[in-house]
Amino acid sequence: MDQTFFNFAMNYRDPHKTDGITRFANQLDKDIGFPRDHSNYHDLADYLEISGEYLNLIEYFDELYEVYQERKEQSEKIISRKEEI
């Protein structure tokens with residue numbers, strides 16, 4: 001999976017839902033300064049902490065980033081299996 005974290009998070013946008021992950025994704029979508037081409041946890045976490053707009057959403061970043069990493073690892077395993085065949 002070569003998808004950036006930002007692109008992955010955009011799958012969780014929804015103007016009608018109010019759960020934390022959705023609110024986080026909606027906020028990312030509005031943030032033109034977010035490093036959209038980065039996926040390194042520390043780079044993204046630093047940006048979120050410095051920006052100040054995510055203080056009440058940072059826990060959802062952690063949660064969503066964990067899902068992102070899990071999906072990325074699953075994708076890499078599938079690709080690896082296909083290459084073995």
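What follows draws every value from the coordinates through simple rules; no lab data is involved. Predicted model, so just to flag it, every value in this text is computed and none were measured. So basically every Cβ, Gly included, is an ideal-geometry build from the backbone, and we count neighbours across all protein chains shown.
By definition, a body whose alpha carbon gyration tensor gives a ≥ b ≥ c is prolate when a/c is 1.5 or more and a/b is larger than b/c, and the stretch 1-41 fits this prolate description.
In plain terms, the residue of LEU48, LEU55 with the fewest other Cβ atoms within 10 Å comes first and the most crowded comes last, giving LEU55, LEU48.
Helix content alone sets the calculated 222 nm mean residue ellipticity of the chain: runs of n ≥ 4 DSSP H residues at -39500 (n - 2.57) each, divided across all residues, give -20500 deg cm²/dmol. In the chain, the convex hull through the Cα atoms has an average projected area of 5.9 nm², a quarter of its surface area.
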